[in-house]
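A short worksheet on the structure shown next.
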Amino acid sequence: VIPSHVHVALLPSSGVGHLLPFLRLAASLIRHQCSVTLITTHPVVSSSESQIISTFLSLFPQVTEKKFTLIPIDPTTANTTDPFFLQWETIRRSAHLLFPLLSSSSPLLSFIVTDVTLMTSVISITENLRLPNYCLFTASARMLSLVSCFPSIPSSIPKASLPPALLDSKSFLAKDLSESGKCIKHSDGVLINTFEELEKETLEMLPTKGLPTVFTLGPLLPLEFEGGSSFAPLEWLENQRKSSVVYVSFGSRTAMSKEQIRELGKGLVLSGYKFLWVVKSKIVDKEEIGDDLDEILGHQVMNKVKKNYGFVLNRWVDQWRILSHKAVGGFMSHCGWNSVVEAAWHGIPVLGWPQHGDQMINGEVIEAAGWGLCMKSWGWGLNNHLVKGEEIGDKIKELMENQMVRMKAAGISEAAKKSSESGGSCHNMAKLFQSLNKN
Ligand code: BUP
């Protein structure tokens, strides 16, 4: 039962991986007859983010935009140089500006959904406004189980699955995570993009973690517009055999070293499989324009690619459309959580090569359920050791030829689809509205 006139404010954080689940949630709230206010930060970090926001707002004119202009900070005071973490910190230090912005909302807000990374600064403001504050956790339930007790580490998570920065208690990430964990416990509920069959054991265990109610709303599906002007080499894919292509992408925030990119290229060629490879050599996409693929990959690899082993690009692609194409039979991925959920939906086996943050923990979710491999021995991909092309090629072959993994991936896809029908995530959205009635 939807309480009469629910008005929800959404406050996403920086990074496409944080933004997209918020927009997908916004669309779902609209389908449930809620009014939605989207708080947009100015400036944003990447051009992909600004394009996605403006397309969303033009296609959903019923959404009210509230502009949240950030006060610039001195980066030397922030304990991080990562452009996305710097933005989290900037948003948090500007959070007091949210008070007038939220209190002036009309009709009155029923609740706000805040990204976990911003919770620490926003919760005191929403408490003052007596505005219920739900957290949207954009990673896996397994990661939530870590955040809920960090700096302790649950016995179910090996210490080696934590990125090195989390093991240094003085780092930006370690401080951030322990403070966020405490804050989530004071929120009115946690919304999460997962579903029961994807993380059954972890979800069963969460109620013992001192968290408020966790509402599983996954899979939060991409909106039609997300493909928008982005590219998918459909003509090329149409000419490939069923399940024969490996799609390779390490997400929106990972830059590999040139040396590692070249070894990866060698590995892809050695695997003998056709590949569709999104190459990224810089962290922020704005800076990527003008990157020369010939120069990054080296002539040898580039020549082989041109001889039709694969398709290489250095631009934003329509990942959803690529994963849904019948020619795609494997996904070499950094295991960003949105990518994991998208691969699960399409039943694509994953070769996980986590690069930072929660990605190893997400990769373990896949490996434990048997629908992919997680290459822990390859390290974090960032500078620590070079993984040679031969090894990469062998693993790709192993993934593509493993029938058991393919069967399990098909099973997880079936479960994802069932979960998005009325018994699953919709049911949990109804529970969320019921919890409002109780407040
Ligand atoms: Br790159 C890229 N096209 O070219 P994750 C990504 N995406 O549609 P993140 C595209 O962005 P972390 C591209 O489908 C997914 O929905 C992709 O989110 C889409 O990884 C999203 O997978 C990326 O969570 O890193 O944000 O790169 O979340 O781990 O910080």
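The values are calculated or read from the model by the stated rules, or taken from the named source; none is laboratory data. These numbers come from a predicted model, not from an experiment. Positions of Cβ are backbone-derived with ideal geometry, glycine not excepted, and every protein chain shown enters the neighbour counts. Side chains included, ligands, DNA and RNA excluded: accessible areas come from the protein's heavy atoms. Shrake-Rupley method; radii C 1.70, N 1.55, O 1.52, S 1.80 Å.
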Angle in degrees between helix 427-438 and the longest Cα principal axis of the chain, rounded to the nearest 10: 20
Built amide H within the under 5 Å cut-off of LYS66, gap 5+: LEU38, ILE39, THR40
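PHE99 to GLU224: extension gain in nm, 0.36 nm per residue of separation minus the Cα-Cα distance?
41.7 nm
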P(r) histogram, all alpha-carbon pairs of the chain included - 10 Å bins from 0, percent: 4, 22, 33, 27, 12, 3, 0
Accessible surface, per residue, of segment 302-439 when the full set of protein chains is kept, probe 1.4 Å, Å²: 41
Gaussian network model of the chain, springs between alpha carbon atoms under 10 Å - residue of SER58, SER46, SER28 with greatest fluctuation: SER58
Choice from THR76, THR37, THR254 with maximal GNM fluctuation in the chain (Cα, 10 Å cutoff): THR76
Projected label distance in nm at SER156 and GLU127, using a 7 Å step from Cα toward the beta-carbon: 2.9
Within a Gaussian network of the chain (alpha carbon springs, distance under 10 Å), most fluctuating of LEU146, LEU220, LEU313: LEU313
Linear extension gain, LYS67 paired with SER50, 0.36 nm per residue minus alpha-carbon span: 4.8 nm
Furthest towards positive pole of dipole, GLN33, TYR309, SER180, structure part the chain, Cβ charges: GLN33
Nitroxide proxy distance, nm - points 7 Å out along Cα→Cβ at GLU398 and HIS42: 5.2
In Hz, Karplus ³J(HN,Hα) per residue of segment 146-161 (6.51, -1.76, 1.60; θ = phi - 60°; x = Gly, Pro): 6, 4, 5, 10, 4, x, 6, 10, x, 5, 6, 10, x, 4, 5, 7
Cα centroid separation, segment 30-106 to segment 360-414 (Å): 35
Amide hydrogen neighbours beyond the local backbone of PHE215, cut-off 5 Å, H modeled: VAL190, LEU191, ILE192
Degrees separating the helix 359-369 axis from the principal Cα axis of the chain, which is the longest one: 80
Summed side-chain charge close to GLU197 - residues other than GLU197 whose Cβ falls under 10 Å, Lys, Arg +1, Asp, Glu -1: -1
Degrees separating the helix 119-128 axis from the principal Cα axis of the chain, which is the longest one: 20
Distance between modelled label sites at ARG241 and SER169, nm, 7 Å Cα→Cβ extension: 5.6
Farthest toward positive dipole pole in the chain [+1 Lys/Arg, -1 Asp/Glu at C-beta], among PHE85, SER106, PRO207: PRO207
